[in-house]
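Q: This is the structure, below, for whatever I ask next.
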Amino acid sequence: MIPLSWYVLVSAALFCIGLFGVLARRNAVAILMAVELMLNAVNVNLVAFWRYGEPQAMAGQVFALIVFTVAAAEAAVGLALFIAIYRSRDTVAVEEIDLMKG
Amino acid sequence: MNGFDISNLFLSIGQVWTEWLLQLGLSAGWVSFVNKLAGAVLVTAFAVGTVVFTIVGERKLIGRIQDRLGPNRVGPFGLLQTVPDVLKLLTKEIITPANADKVLYSIAPMLAVASVILIWGVVPFANGVMGVDLDIGALYFVAVSSFGTLAILLAGWSSNNKYALVSAFRVVAQLISYEVPLVLSLLVPVLLAGTMSMNGIVQAQAQGWFVILAPISMLIFFISSTAEVGRSPFDLLEADSEIVAGYNIEYSGMRFAMFFLGEWIHAFTICGLTATLFFGGWRGPFVDQVPALGVIYFLVKMFAIYFVHIWIRTTMPRLRIDHLLDFNWKFLVPLSLVNLIVMSLAARLTGMPRADAALGELLPYWGVLLGVNVVLAAVTLYVLGVVGSRIRRRQEAAREPEPAVTGP
Amino acid sequence: MTYAVFILFTLMALCGGVLVVTQRNLVRAATALVLSLFGVAGLYVLLEAGFLAAVQVLVYIGAIAILIIFAIMLTRRMVQGDESGLNRQWGWALVSAVVMFALFCYVVVKAWPLALGAVSAPAVPADSTEALGLALLDWEQYVLPFEIASVLLLSAMVGAVVIAREKHDS
Amino acid sequence: MAELTVLQALGPLSPQLVLLLAALLVLGLDLAWGEKRRGWLPSVALLGLAGTIVATMSLWGRREVLFGGVFVVDPSAVFFQVIAVLATALVILMSIDYFEGRATYTGEFYSLLLVASLAITLMAGSTDLIMVYLSIELLSIVSYVLTGFMREDRRSNEAALKYFLYGAAASATMLYGMSLLYGITGSTNLEEMAAVLGADAGGSMSWVVLAAVMLLLVGFGFKVSAVPFHQWAPDVYEGAPTPFTAFLSVASKAGGFAVLLRFFLTALPDLSVNWVGLIAALSVMTMTVGNLMAIFQKNIKRMLAYSSIAQAGYILIGLVCWRHTLGAYGGGISGVLLYLLAYLFTNLGAFTVVIIVERATGSNEIADYAGLMRRNPWLAAALFVFFLSLVGIPPTAVFVGKLLIFSSAIRLGYYGLAIIGVVNGVISMYYYYGVMRQAFFLPPKEDTPIVASPPLAVALGVTLVMTLGFLVFAQPFIQLASWSTL
């Protein structure tokens, strides 16, 4: 069997890639995609811990399912916001959205 | 191993084949790998091979319905017509538009074909004769289908052509919307069978085909799967008279052929699923004694449903996009939700009959479920009638000031 | 064999991820996201969570990724910009991500051994999908999160419609 | 604890059920009633909240573990439920006139506001990481929508986008921490987690737990807007519809603290990692940065945003002093709870004034508060009282909270924290005085008097009375807070 730590490392790598995307991308949609990567990293962790912990107790899988649900809801609301903001100013580049500063 | 059993032809062939491989000196791990590979090749070959005949069959049928002869030149009765057609398509030049996104442009057709062939992995041809008997087969089908949407979306976008893009938008609107009633109606057989395994669903229909127990679900599934395939009257993703040919307008040669192939496979795949989920799949007389018969029953059912598809295709005009979406969101989705709730309540209240229940025990079960469906259908029709007449009255009231206008 | 499959899916997930955060073209980035998500689904299969793998494909690829691509297309004027997809502080972002990863590696390796041999885990019960379903509806387990999740979806739906709907011109 | 049957389990959940029903009812009535009777929707929502309070009161003093340990009802949860419901009711009063002619979908606003309130009540009782995460996200997602509710207002849009991006990233980070905690302890239940961590004698888990706690703090810190996770707050406070800004500053923050308290005191009480130091550092940064940045603000909503950040810093001191209990009334945690309640009335009062002025002048610039004294002396006086309370001058409401928190810090020997807190209070006087100077000593730009519409006047009256008479009126709450020390 593959050691648990391998999965956790893959998940850590995926999380850090997502983190980089969140910090470095200009476009709001791209940032959202990076956040999705982070959430996936979390899910890899959860499922791996479920598998190598107690597979009879479903906590990890339930948690992962809840993360799916939340991710879907978040994406829907986020994309609705992007569309609304795009209507009002033709850009979703985060640096150009700067009406308020201080 | 208990020798070769002709009544269970396919499983026996599998056994003989496996033993032969083992005798060749392969290790057990390799044998299972080779078996899986062979299974995949077989299923794919079946899917692709069937297309060759369904194309001819469909063209001839459409011809008859439209009072023509259809193809009749190549081979006996024109049966081999597809062969030169395929050759022609494959030898055409593959053109990539100058500003297309090349990577995505070439990925899209493969994805389109893959998504439908993958579905065949879980369709049972006979009891146990299937790619994999996943315990989540029904969910797998829905999941894999989503690649098809993605493929069309990518094809439309990467072609850098506005008609293709418009088509891609329609695709998202249509396919994603119709996926909702599709999944909701799919849940009813899952609920009645108590399993998501495709084979398990067929086995559960020993107590009556689900088309009898849940006809409304069957209708919803049938309608929304027609929309998923994008066939008339839901063929507006490629409405040739409006957006030339839709998402695949820029494609040619082999790549176009792949879209074409994917679409045709999808068309009868959906029929195979309808047969499996609602019409008892491989079930039929004497199938328990002679399991090999299941394949024949399954194919007969599948093509019978496919015939209805073609029939509809030739007789129904295309819908408009707003009508199409209205129909889905304002009719199909609410109906399938209500249907799901009602069916689960009814199934819960009557209780599932045992696997070996006699006819006398089964009849009340059938009666209740069928009765529930009839009542639900009656209520639906009544509501439709009331709403429809109200809308009509409003339209007439709006029309009155202009008596000069006639006709629709 | 399992290792090869693991490495394949890991590569899919990670390479897809890297493409997501570096690709300038957003539709390509979204396609890379699909690749990455598919790799993750593969990892679920390896972990014997088939149901989650199917849900991953269905929800993430079938809904979220398509929604994202759709939003990109709707707002497509900005997709074809010439500027780089990264902002000015991308160097710092890279450094912090790498440092973070190094820290995680340290922590993970301290807690869970890397060694290949002697890895064992209890077998997954055959009906784990059913167990999951029962856990979600069990009064002594997760029925409350399950119900709250539906409230969440409902409010998100109402909210998204309110926000994205075009102005009324009744 | 004994297992409960289905009906017995629904009883302790009745506040949440009533809230949910009210939210659905508002949504449904909005559809059914149409334009004409939409004006009644806030009343329906208020009625729902009244029902919730009644249901909450029936749980006074009870302790129940529900759904196999996913959710609990205890005095602390009840306390936060009260906070959530009071804040929501006041915010609804404040919004009735605010949206006139500004936003179309007011029915959805009230409905989603009730859902947000529901989310806070759930956060207060969650004892399972799954439930903690889910209720935080429910609050967040509804908050994104409500922040961007004025779709035609570009500031509102922009605020929502920023809130969304920061929030999504913060919650994903927090979630990663949760997954690590689950991995190391094998459970998502806070109690079980505490048991596993307590049994970990060799400290082999401490690295992972430390990493997980830091990741979790990103998410919790985001919700309570603690520095350095506060960047979203000023922009969001400025852009969001003002009533919702008020909600964010008190209710949403209280929810964050509810989770923070529950998590640290249930899952990590035995200091398997030294989280007290982390919280103390967070507290110092939050107070100082919040107060210093507030000085430079020209927009009152932004100023209140930074002030609200600083207040979170004071409250965190209370968590640092969690070990301290002082007779029947007091201790660090009681201090946190009472501080939050006092802050609720005070800050909502301040925002009520802001809304009244915004409706009259159409502006949120501090410069436009010039001559408020002449245009409406009551308003200026009320604002003065609220600011006194925010600084923590006796006998106003927040003074009580500050007293409890600082005295706990001194008793436990955290002199440094107490001194930084007091110094920060002095700094904060400076910017509050800036507004007061405009209001009392500078001539008005226009002479038209400012009048408050009836609902706003009611909100102002309630908050003012509670701010001034906190010691008198809050007796039951003080008692509840002293029970509530988990």
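Each value in this text was obtained by applying a stated rule to the coordinates, not by laboratory testing. Just so it is clear, the model here is predicted, and its values are computed rather than measured. With ideal geometry, Cβ positions are generated from the backbone for all residues, glycine too; neighbour counts draw on all protein chains shown.
Q: Considering every residue in C:127-135, what mean count of other chain Cβ atoms within 10 Å of its Cβ is obtained?
A: Partner Cβ neighbours, averaged per residue: 4.
Q: With Kirkwood's inverse mean 1/r over C-alpha pairs for Rh, give me the Rg to Rh ratio of region B:1-91, two decimals please.
A: 1.22
Q: In region B:1-77, what chymotrypsin sites (Phe, Trp or Tyr not before Pro) fall in a loop by DSSP, with at most 12 other Cβ atoms inside 10 Å?
A: Here the sparse-neighbourhood loop sites are B:Phe4.
Q: Ignore the peptide's own chain and count Cβ atoms of other chains within 10 Å of each Cβ in C:20-29; give me the average, rounded.
A: Across C:20-29, the average partner-chain Cβ count within 10 Å equals 6.
Q: If you don't mind, there's one more thing I want to ask. Rounded to the nearest 0.05, what FRET efficiency is calculated for D:Ala457 and D:Leu17 with R0 set to 30 Å and r the Cβ-Cβ distance?
A: Details: r = 33 Å, r/R0 = 1.08.
E(calc), rounded to 0.05, equals 0.40.
Q: Taking the Cα-to-Cβ direction at C:Val109 and at D:Glu100 and moving 7 Å from each Cα, how far apart do the two end points lie in nm?
A: 6.8
Q: List the lysines whose Cα sits under 21 Å from the Cα of B:Lys301, skipping any in the same chain fewer than 8 residues away.
A: Leaving aside lysines fewer than 8 places away in the same chain, those within reach of B:Lys301 are B:Lys60.
Q: OK, next. Can you give the FRET efficiency for C:Glu166 and B:Met352, using 1/(1 + (r/R0)^6), R0 = 41 Å, r = Cβ-Cβ distance, to the nearest 0.05?
A: E(calc), rounded to 0.05, equals 0.30.
Q: With springs only between Cα atoms under 10 Å apart, run a GNM on chain A and tell me which of A:Val42, A:Val70, A:Val22 wobbles the most.
A: A:Val70
Q: Another question, if that's okay. Determine which residues of region D:169-212 fall in the zone a paramagnetic label at D:Arg63 would reach in this model, i.e. backbone nitrogen under 20 Å from the point 7 Å along Cα→Cβ.
A: D:189-196, D:198
Q: Quick one: work out Rg over Rh on the C-alpha atoms of region B:125-190, Rh as Kirkwood radius.
A: Rg/Rh for region B:125-190 comes to 1.13.
Q: Highest mean first, how do D:382-393, D:186-197 rank when packing is the count of other Cβ atoms within 10 Å averaged over residues?
A: Ranking, from highest mean packing down: D:382-393, D:186-197.
Q: Let me ask you something else. Convert 20 °C to kelvin, take the viscosity as 1.002 mPa s, use the Kirkwood radius over C-alpha pairs of region C:127-170 as Rh, and evaluate the Stokes-Einstein diffusion coefficient in µm²/s, rounded to a whole number. Walk me through the numbers before you get to the answer.
A: Working: Rh = 12.7 Å.
After rounding, the answer is 169 µm²/s.
Q: Okay, moving on. Averaged across the residues of D:135-143, what count of C-beta atoms belonging to other chains lies within 10 Å of each residue's C-beta?
A: Mean shielding count: 6.
Q: What angle, in degrees between 0 and 90 and rounded to the nearest 10, separates the Cα long axis of helix D:106-125 from the longest principal axis of the Cα atoms of chain D?
A: The answer is roughly 30 degrees.
Q: Moving to a separate point now. Let me know the Kirkwood hydrodynamic radius for chain B, please, with Cα pairs as the basis and the value in Å to one decimal. Write down the numbers at each step before the final one.
A: On the way: mean 1/r = 0.0426 Å⁻¹.
Hydrodynamic radius (Kirkwood, Cα only) of chain B equals 23.4 Å.
Q: Still on this structure, please answer the following. Take the eigenvalues of the Cα gyration tensor for the protein assembly as shown, scale each by 5, and report the square roots as semi-axes in whole Å, largest first.
A: Semi-axes (√(5λ), whole Å): 56, 34, 29.
Q: List the residues, sorted by chain then number, that are 5 or more residues from D:Phe71 or on another chain and whose placed amide H is less than 5 Å from its amide H.
A: D:Leu66, D:Thr127
Q: What list of ³J(HN,Hα) couplings, whole Hz, do you get for region B:89-99 from phi and the Karplus terms 6.51, -1.76, 1.60, once you set θ to phi - 60° and write x for glycine and proline?
A: For region B:89-99, the Karplus curve yields 4, 6, 8, 5, 5, 8, 10, 10, x, 4, 9 Hz.
Q: In terms of the ratio Rg/(2.2 N^0.38 Å) built on C-alpha atoms, what value belongs to region C:1-81?
A: 1.19
Q: Can you tell me the length gained on complete extension of the stretch B:Ala377 to B:Asp133, counting 0.36 nm per residue apart and subtracting the Cα distance?
A: Computed gain between B:Ala377 and B:Asp133 is 84.4 nm.
Q: Taking only complete DSSP H runs, can you tell me which helices of chain C stretch 15 Å or more along their own long axis by Cα positions and average at least 1.6 on the Kyte-Doolittle scale?
A: Membrane-span-like by this criterion, though nothing is claimed about a membrane: C:2-22, C:26-46, C:90-111, C:143-164.
Q: What is the spread of the Cα atoms of chain D along each of their three principal axes, largest first, in whole Å?
A: 72, 56, 42
Q: Then there's this: For D:Glu152 and B:Arg318, what is the calculated FRET efficiency with R₀ set at 56 Å and r taken between the beta-carbons, to the nearest 0.05?
A: It comes to 0.90.
Q: Starting from the Cα of B:Lys330, draw a straight line to each of the lysines and keep only those under 30 Å, dropping any in the same chain fewer than 8 residues away.
A: Straight-line reach from B:Lys330, under 30 Å: B:Lys162, C:Lys167, D:Lys36.
Q: Would you mind estimating how fast region A:4-96 diffuses translationally, via Stokes-Einstein at 20 °C and 1.002 mPa s with the Kirkwood radius over Cα pairs, in µm²/s?
A: Taking Rh from Cα pairs, D becomes 148 µm²/s.
Q: Scan around A:Asn27 for amide H atoms under 5 Å from its own, H built in the peptide plane at 1.01 Å from N, and keep only partners 5 or more places away or cross-chain.
A: A:Val94
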